[in-house]
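**Q** Take a look at this one; I'll ask things after.
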Amino acid sequence: MVMNINSKLKELEPNYIRHVLAKSQEIEGSINLTIGEPDLKTARIVLEKSAKYMLETQLCYSPLGGVVEFREEIAKFYNNQYGSSYDRDNVLVTVGSTEGISTALRGILNPEDEVIVVKPAYPLYGGLITLSGAKIVYVDSTENGYKVSADILEGAITPKTKAIILNYPSNPCGTILSEEEVEKISRLAVEKDIYLISDEIYSELIFSGNKFYSPAAVKEVRDNLIVVNGFSKSHSMTGWRVGYILANKTLRNHLLKISQYTISTPSTLSQYGGLVALKEDINLEDNLRKYEERALYIYNLLKKIGFEVVKPEGTFYVLADYSKLSSLNSLDFSMKLLEDTGVAVVPGKSFGVENCIRISCTQELEVLEEAGKKLEEYFKG
Ligand code: PLP
């Protein structure tokens with residue numbers, strides 16, 4: 001049969017991490033610092049209560065859009081953190097934040113619309129915009145310390161702009177925006193009457209001395225704002241596939257139709273797990289301190305070796321520029337690094353930038369130190 005598929009699929013960027021991963025599997029003893037998968041365990045109470053719930057309850061379809069009590073807790077969580085005034089009718093539960101971003105984009109985009117995406121960019125955004133038939137307009141935050149500004153964004157807005165996607169704390173940069181910049185960007189979205197999509201999946205992973213500002217704290221932008229968040233990173237619950245969207249009630253009800261025709265309803269058990277995660281007083285501090293210690297170790301090490309590195313303010317990633325050490329493109333550089341040292345990292349190309357690699361600090365400090373020794377030795381030579 002002639003493979004007659006959606007032609008947009010052919011436009012999607014390949015998954016460059018796969019190249020590195022496939023190679024690393026051939027190298028015995030290689031150290032994998034590629035994937036953003038928390039190594040720290042899900043809180044015991046989430047596991048125990050969820051197991052009990054499953055044994056004692058028939059797992060039925062949940063209400064469309066999510067379990068009411070869970071939606072109420074999510075709204076409360078945001079209101080407590082950011083002084084917003086969401087209620088359960090602002091909340092749409094999704095299958096991880098991935099489905100949240102997908103639903104948000106599908107819900108607002110028509111072909112020919114433009115969406116502004118900040119580079120270095122988490123690759124999901126570009127792929128989903130391409131599939132929707134809309135146009136991606138990239139702006140680069142590299143020269144601004146990996147922090148986009150209202151001025152940079154304003155320069156990219158055209159009459160066709162439908163939305164801006166922000167992702168702070170940033171994957172892959174680990175940076176956050178100042179309160180002032182978040183307010184300026186929020187006001188810009190209102191003035192230009194465009195959506196502001198804020199992917200806040202790392203909002204709970206903020207290092208000491210830093211504070212995360214969500215546009216959810218800016219009252220004027222609430223009608224234009226679509227917040228996407230979830231439990232994968234903060235609560236080490238990647239496999240549960242549970243996340244959510246916060247949006248104005250009219251938009252939320254439109255987005256509900258997308259859920260209805262794609263996932264029907266999210267997993268009842270995973271929503272219960274998410275509810276426990278929000279209701280129980282889980283100590284996330286210990287995990288956060290570990291990620292911070294590891295990220296700062298990698299940051300200092302790479303700086304010492306000669307990489308240019310912006311100090312991460314959150315997440316568990318470190319983005320490092322190797323321009324002073326090599327002229328290879330980032331895929332070749334990552335592959336060579338892996339072949340020569342056994343350390344696997346993500347090429348900047350995955351995030352639409354060159355001369356960079358991303359290190360994921362989701363391994364114990366001792367493993368990172370072992371990788372660190374290999375890198376130090378290699379670049380000394
Ligand atoms: N957004 C960003 C910036 C991410 O880094 C990730 C995962 O790596 C996601 C969204 C998807 O997370 P989830 O597991 O909630 O689908």
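Please treat every number below as a calculation from the coordinates, not as lab data. Note that the structure is a prediction, hence the values are computed from the model and not measured. Here the Cβ positions follow ideal geometry from the backbone for every residue, glycine too, while neighbour counts run over all protein chains shown.
**Q** Take the alpha-carbon centre of segment 21-58, take the same for segment 61-75, and report the distance between them in whole Å.
**A** That distance is 25 Å.
**Q** In terms of modelled amide H atoms, which long-range or inter-chain residues lie less than 5 Å from the amide H of Lys119?
**A** Long-range HN contacts for Lys119: Val139, Asp140, Ser141.
**Q** Which pairs, out of Lys10/Lys349; Lys147/Lys233; Lys162/Lys249; Lys10/Lys324; Lys76/Lys233, put more than 25 Å between their alpha-carbon atoms?
**A** Going by Cα-Cα distance, Lys10/Lys324 fall outside the 25 Å limit.
**Q** Compute the distance from the alpha-carbon center of segment 246-302 to that of segment 104-174, in whole Å.
**A** Using only Cα atoms to place each centre, the spacing works out to 21 Å.
**Q** Amide H of Ile226 versus every other amide H placed in the peptide plane: which residues, excluding those fewer than 5 positions away on the same chain, fall under 5 Å?
**A** Answer set, sorted by chain and number: Leu196, Ile197, Ser198.
**Q** Within 10 Å, count the other beta carbons around each residue, average over each peptide in 52-59, 207-214, 314-321, 282-289, and list them highest first.
**A** On the way: 52-59: 10.4, 207-214: 15.2, 314-321: 26.4, 282-289: 13.6.
Most protected by this proxy first, the peptides run 314-321, 207-214, 282-289, 52-59.
**Q** With charges set only on the Cβ (+1 for Lys and Arg, -1 for Asp and Glu), what does the dipole of segment 219-324 come to about its Cα centre, in debye to the nearest 20?
**A** Values: 15 positive and 11 negative charges, 54 e Å.
Value, rounded to 20: 260 debye.
**Q** Highest mean first, what order results for 101-111, 222-232, 361-371 on Cβ atoms within 10 Å?
**A** 222-232, 101-111, 361-371
**Q** Any chance you could run the full-extension gain for Glu26 through Asn80? It's 0.36 nm times the residue separation minus the Cα-Cα distance, nm to one decimal.
**A** 14.6 nm
**Q** In debye, nearest 20, what is the charge dipole magnitude of the chain about its Cα centre with +1 on Lys and Arg Cβ and -1 on Asp and Glu Cβ, if you could check?
**A** Computed about the Cα centre, the dipole is about 640 debye.
**Q** Still on this structure: Scan around Glu313 for amide H atoms under 5 Å from its own, H built in the peptide plane at 1.01 Å from N, and keep only partners 5 or more places away or cross-chain.
**A** Counting only residues 5 or more places away or on other chains, the set is Thr175, Ile176.
**Q** Can you compute the helix-only [θ] at 222 nm over the chain? Use -39500 (n - 2.57) per DSSP H run of at least 4 residues, normalise by all residues, nearest 500 deg cm²/dmol.
**A** -13000 deg cm²/dmol
**Q** Quick one: 3J(HN,Hα) in Hz for segment 169-176, Karplus 6.51/-1.76/1.60 with θ = phi - 60°, rounded, Gly and Pro as x.
**A** Residue by residue, segment 169-176 yields x, 8, 9, x, 8, x, 9, 10 Hz.
**Q** Nearest 5 percent is fine: what portion of the DSSP beta bridges confined to the chain is antiparallel? Intermediate values should be presented prior to the final figure.
**A** On the way: 18 of 38 bridges.
Here the share of antiparallel DSSP bridges comes out near 45 percent.
**Q** I've got another one for you. Sort 72-84, 1-13 by packing, meaning the average of other beta carbons within 10 Å per residue, with the highest value first.
**A** Those peptides, ordered most packed to least, come out 72-84, 1-13.
**Q** Compare the Cα positions of Ser208, Tyr261, Asn224 along the charge dipole of segment 160-265 (+1 at Cβ of Lys, Arg; -1 at Cβ of Asp, Glu; about the Cα centre) and return the one farthest towards the positive end.
**A** Tyr261
**Q** Follow-up question, since we're still on this one. Under a crude label model (7 Å from the Cα following the beta-carbon direction), how far is Asp223 from Ile5 in nanometres?
**A** Placing both labels 7 Å along Cα→Cβ, they lie 4.2 nm apart.
**Q** Quote the FRET efficiency, to the nearest 0.05, computed for Glu285 versus Asp140 with a Förster distance R0 of 41 Å and r equal to the Cβ-Cβ distance.
**A** 0.75
**Q** What residue among Gly348, Tyr146, Ile164 has its Cα farthest toward the positive end of the dipole of the chain, where the charges are +1 on Lys, Arg and -1 on Asp, Glu, each on the Cβ?
**A** Ranked along the dipole, the leading option is Ile164.
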